[in-house]
Amino acid sequence: MFIFRACTWLSLVGIVVYIVVSDLGPTSLKQNLENATREHDELVVQLDADKNESEKELSIVFRSRVDFRNKEEEQVSKIGNLELEIDGVTRKLADLKKKNKAKNEELIVTEEKVSTARVPLDEIAKQSLPLEEKKKLLEEEKIKVSQNLALVKSNADKVQSKFELLENTRNLSVDNFMEEQERMMEVIKKPFHIYYGDKRGVEVANRAPSGKGFFINEGYENGFRENMEFLTKNENASSILPFRLKATLVQQNFSFLEFVSEEQVSDPSYAVVGQLLTIERSGVYVAENKPVEVKPDEE
């Protein structure tokens, strides 16, 4: 910049000297002076512009220098951290080398032991060859059995499907039969006594002191006859198996039902006062033993 200013002033001085020594008249001298002044002003303006540009560039250079120093300090810090990490890794690497050496020595000892122990294993392997062959045969048989089992299962599924179809058909037939039976039984007049297969609900009014049976408040007016046999069961008894009863005494409004088996005689849980039992007519009815009807005027 100093050299540029010196050149500018030398040019101005040269122009002035040229004007002075020139043979031109006053008009030319004035014109030349104006031209020189104008050129001087332009050079001053250019000088200021170059100065501003130079200051701007210097400012950019200074800022870049600050940024560079900051980046340099940051990189120096990172380098220091990396050096610390490298030191730590180096120490770990040394420790790992020691451990690796110890493991290699241990591995050598283990390999020697394995070599020593492998001798009886080879003998065992030779002895196990027949067993391996037998195992292979058993596995092949197992595969065949599994295939047969799958085939049998498939057939069983088919049979089960057919069975379910037949069972549904049977259930449908039974339902239809029962509906038709109920419809037909409604128009059939039953005998005056309890019919075979009829079910009745009775209440135990009293149990005989001997335990041989119990009384109910239903008699021949309700269809009961002497020597009728019934099948029943009691869910609350000591045994839930069905047991048999026989009507040995039948009056107009009460009857005595006797246990056929001694098991019920000795166990009071089969018939308790107030208990409801469902009885089903079974056995053979003897008509000659029916009771004599008692008229109301004879009582």
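Legend: residues TYR195, TYR220, TYR270, sorted from most to least accessible area (1.4 Å probe; ligands, DNA and RNA excluded), read TYR195, TYR220, TYR270.
Highest mean packing comes first when the peptides 124-131, 272-279 are listed by Cβ atoms within 10 Å, giving 272-279, 124-131. Heavy-atom surface analysis with a 1.4 Å probe gives segment 71-173 a carbon and sulfur content of 61 percent of its accessible area.
Can you tell me how segment 61-172 classifies by the Cα gyration tensor, rounded, prolate or oblate, using a/c under 1.5 as the rounded cut?
oblate
Annotation: per residue accessible area for segment 160-269 equals 66 Å², rounded to a whole number [probe 1.4 Å, protein chains only].
When a/c is below 1.5 the answer is rounded, else prolate if a/b is larger than b/c, else oblate, so apply that to segment 51-96 with a ≥ b ≥ c taken from the square roots of the Cα gyration tensor eigenvalues. Because a/c hits 1.5 or more and a/b exceeds b/c, segment 51-96 counts as prolate.
Only lysines eight or more places from LYS99 in sequence, or on another chain, were considered; those with a Cα closer than 25 Å are LYS113.
The values are calculated or read from the model by the stated rules, or taken from the named source; none is laboratory data. None of these values were measured; they are calculated from a predicted model. Note: ideal-geometry Cβ built from the backbone for every residue, glycine included; neighbour counts use all protein chains shown. Areas reflect the complete protein model, heavy atoms only, side chains present, ligands, DNA and RNA absent. Shrake-Rupley method; radii C 1.70, N 1.55, O 1.52, S 1.80 Å.
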